[in-house]
Amino acid sequence: MSFRVGIGHDVHRLVLGRKLMLGGIEIPYTHGLDGHSDADVVLHAICDAILGAAGMGDIGEHFPNTDAKYKGVASTEFLRQVNTKVRDAGWAVENVDVMILAEAPKLQEFKPKMKYHIALELGIDQSHVNIKAGTSEGLGHIGTKQGIAAHAVVLLKK
């Protein structure tokens, strides 16, 4: 059996007038993330980590923000397609570890639902998905509530 590790990162600006989607679920908040799709930084980071581990490029190559067909698309669809691509190449996601950086909203109560959604979409046990959330202690664009970022690490097995 062989293994590969991938890392992903995404960040989007917070704006009025959009739903806040993180980890495939809607989070009640006054602002949402600005982007071509639903701008779910958690799922985008996971997609990049999976694609990177499989040596298949990045999310922008597969779902370019210049393509009108991805306008407003739920990032869950990106995750499904990425998972299918790596499975077709003989890889399976073994585990996912995500770090969300957000000054607000507080995410503790939403982590179990995100974990459930991600595990379901990837076809893995929830015990193989970990979600962490932290702040930037008031520093930078995250700390001043201008955006939210996510980092993901994924282990694939052949």
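The values are calculated or read from the model by the stated rules, or taken from the named source; none is laboratory data. None of these values were measured; they are calculated from a predicted model. Here the Cβ is made from the backbone with ideal geometry for all residues, glycine too, and neighbour counts use every protein chain on show.
With the requirement that a residue be within 20 Å of G140 (Cβ to Cβ) and among the charged types (D, E, K, R), what does the stretch 1-60 give you?
D10, R13, D34
Residues in the stretch 3-55 that are over 15 Å from F78 (Cβ atoms) and acidic (D, E): how many?
So the count comes out to 2.
Here's a check for you: in the stretch 61-85, which residue that is small (G, A, S) and loosely packed, with under 13 Cβ neighbours inside 10 Å is farthest from A133 (Cα to Cα)?
A68
Quick check: anything in the stretch 133-140 over 22 Å from S2 (Cα atoms), among the aliphatic types (A, V, I, L, M) and at pLDDT below 95?
Checking the stretch 133-140: at least one residue is over 22 Å from S2 (Cα atoms), among the aliphatic types (A, V, I, L, M) and at pLDDT below 95.
Go through the stretch 34-66 and give me each residue that's hydrophobic (A, V, I, L, M, F, W, C) and in a loop (DSSP other than H, G, I, E, B).
Within the stretch 34-66, A39, M56, F63 meet the criteria.
Got at least one residue in the stretch 58-69 being over 22 Å from V5 (Cβ atoms) and among the small types (G, A, S)?
Yes, the stretch 58-69 contains a residue that is over 22 Å from V5 (Cβ atoms) and among the small types (G, A, S).
For H31, state whether it is modelled with pLDDT of 95 or more and either acidic (D, E) or farther than 18 Å from L155 by Cα (or both).
Yes: the conditions hold for H31.
So G90 fits all but one of (1) loosely packed, with under 15 Cβ neighbours inside 10 Å; (2) in a helix (DSSP H, G or I); what number is the exception?
Looking at each condition in turn, G90 falls short on (2).
Go through (1) part of a loop (DSSP other than H, G, I, E, B); (2) closer than 28 Å to G57 by Cβ for A104 and report which single condition fails.
So the condition that A104 fails would be (2).
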